[in-house]
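Here it is: the structure, laid out below.
The values are calculated or read from the model by the stated rules, or taken from the named source; none is laboratory data. Everything quoted here is computed from the prediction, not taken from an experiment. We place every Cβ from the backbone using ideal geometry, glycine too, and count neighbours over all the protein chains shown.
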Amino acid sequence: MNECLICYQTKASEELLTTGGCMHNDKICVECLSKLQTQKCPYCQESLNKKSLSAIYEAIYVWIAIIEQDIPLIDALIEKWNVNIQKIMPFDMVMEILTGKTSAAEAEQWWNNNPHRKAMKKTYLKINNIVYNDEQETYEEIKNN
């Protein structure tokens, strides 16, 4: 068990993410990391490792894909982006970060009744340059020119 440097709560090691090459490595919890406004360490201002932030988004994508039974997204996560679904952070943490609910049934109901869920999903995906191709019914990475 370790203490998060931002919220000072005691967290299990799997709740703490590697933030990059600074001395605060492995000392910021997933929830606090997901709320940062910039990709910089809040203490020393070094850039955070992009991989750490994408781990949060991977977990969000998997949670959304499962809740919506979005098979093309699950396929894309596994095949194109090599997401190891078994190693994703605990769903209860992702669920609470996304919905603020601690019960799986309440979180699913909140998500399904949320009129903005399609826009939220699209935004979460767009953050990592992923879009849905309607014609092919697949998810693809946007290539930056």
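Mind checking whether some residue in region 97-104 is over 17 Å from A59 (Cβ atoms) and either loosely packed, with under 15 Cβ neighbours inside 10 Å or in contact (Cβ under 8 Å) with a residue 60 or more places away in the chain (or both)?
yes
Further question: Within region 126-143, track down each residue that is in contact with an Asp or Glu (Cβ under 8 Å, 6 or more places away or on another chain) and on the phi > 0 side of the Ramachandran plot.
N129 - this is the single residue of region 126-143 that is in contact with an Asp or Glu (Cβ under 8 Å, 6 or more places away or on another chain) and on the phi > 0 side of the Ramachandran plot.
Go through region 127-145 and count every residue that is loosely packed, with under 12 Cβ neighbours inside 10 Å and without any contact (Cβ under 8 Å) to a residue 60 or more places away in the chain.
Count: 9.
Before we move on, is K118 at pLDDT 85 or above, surrounded by fewer than 13 Cβ atoms within 10 Å (Cβ to Cβ) and of a type in the set (K, R)?
Considered against the rule, which asks whether it is at pLDDT 85 or above, surrounded by fewer than 13 Cβ atoms within 10 Å (Cβ to Cβ) and of a type in the set (K, R), K118 comes out as yes.
Out of L73, L48, report the one residue that is modelled with pLDDT of 80 or more and over 13 Å from the mean Cα position of the chain (by Cα).
The match here is L73.
Oh, and also: Within the set of pairs 6+ apart or on separate chains, which have a first residue in region 1-13 that is loosely packed, with under 12 Cβ neighbours inside 10 Å, a second that is of a type in the set (S, T, Y) and assigned to a strand (DSSP E or B), and C-beta atoms under 9 Å apart?
M1/T10
So which residues in region 51-69 are under 15 Å from V94 (Cβ atoms), at pLDDT 80 or above and not β-branched (V, I, T), if there are any at all?
Listed by number, the residues that qualify are A59, Y61, W63, A65, E68.
Is it true that some residue in region 93-115 is at pLDDT below 80, outside the structural domain of E15 (by TED's automatic domain parsing), closer than 30 Å to A12 by Cβ and not hydrophobic (A, V, I, L, M, F, W, C)?
No; the residues of region 93-115 include none that is at pLDDT below 80, outside the structural domain of E15 (by TED's automatic domain parsing), closer than 30 Å to A12 by Cβ and not hydrophobic (A, V, I, L, M, F, W, C).
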